[in-house]
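One structure is given here, and the rest of the page talks about it.
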Amino acid sequence: LVLTVYLVGLLLAAALFQVVVVGFFDIDSWLYTYWWSQFLGEILVIGALSMGIVYLAVRFIVFGHSEFDERLDGIIYAMAAGLGIATVVNFAYVIQHGGVDLGIGSIRMVTNALGYACFASVLGYFMGQARFEKTPAYYLPAGVAIAATLNGLYFFLLDRNGSGQLGPNPWLDLVLAAATHLADDPDVV
């Protein structure tokens with residue numbers, strides 16, 4: 001089921017990202033115009049779509065399944081869906097750039113994977129709680145909104161760093177990703 005959720009996240013991202021982000025929102029024409037348009041676009045469009053895909057993949061594939069039998073499963077399945085999205089984003093990045101430098105490209109791919117996995121796990125926490133406890137109607141939408149906000153903020157900061165506005169060092173991307181991962185899962189230390 002984890003592999004199935006990963007594949008559904010991957011397929012949904014592959015099917016929806018270009019259509020929604022580029023086709024519907026025409027994000028290339030306004031996202032990088034101002035810092036605040038990028039900030040809001042990263043959260044309200046890209047973050048919301050990403051976490052919406054995670055929610056859909058987990059909700060319709062495994063949420064009602066008997067294998068979803070403890071709260072932690074929400075985090076595991078959501079991370080799988082988030083990694084599916086990261087796979088599509090990384091693949092698109094390589095295609096758009098005609099390949100990547102192994103140093104910077106590999107750091108970019110690691111930070112994407114860590115970012116999507118971490119923020120999908122935040123949503124997975126909310127889904128695990130909602131599956132096994134009585135929660136108010138706003139609980140899951142709040143989980144999607146919180147995860148989308150964290151996702152958008154994270155990638156906004158990564159992009160500002162990558163554009164040289166916070167500094168030219170790509171290793172700062174990896175440090176930000178690692179710090180985010182440690183903040184999301186302090187038991188790793």
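Numerical summary
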{"read-out": "Environment charge at residue 46 (Cβ cut-off 15 Å; Lys +1, Arg +1, Asp -1, Glu -1)", "value": "-3"}
{"read-out": "Region 1-109: GluC sites (Glu not before Pro) falling in loop per DSSP and having at most 16 other Cβ within 10 Å", "value": "67, 70"}
{"read-out": "Region 22-117 - percent of accessible surface contributed by carbon and sulfur, probe 1.4 Å", "value": "67 percent"}
{"read-out": "Per residue solvent-accessible surface (Å²) - region 1-81, probe of 1.4 Å", "value": "53 Å²"}
{"read-out": "Quarter of the Cα convex hull surface for region 15-149, i.e. its orientation-mean projected area (nm²)", "value": "9.0 nm²"}
{"read-out": "Integer Hz, Karplus 6.51/-1.76/1.60 couplings in order for region 82-87, x for Gly and Pro", "value": "x, 5, x, 5, 4, 4"}
{"read-out": "Low-density loop cleavage sites - trypsin sites (Lys or Arg not before Pro) in region 57-148, where at most 15 other Cβ are within 10 Å (DSSP)", "value": "134"}
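The values are calculated or read from the model by the stated rules, or taken from the named source; none is laboratory data. Small disclaimer: the values here were computed from a predicted structure and weren't measured. Don't worry about glycine lacking a Cβ; one is built from the backbone with ideal geometry, like all the others, and counts go over all protein chains shown. In case anyone asks, the SASA skips ligands and DNA or RNA and just uses the protein heavy atoms, side chains included. Shrake-Rupley method; radii C 1.70, N 1.55, O 1.52, S 1.80 Å.
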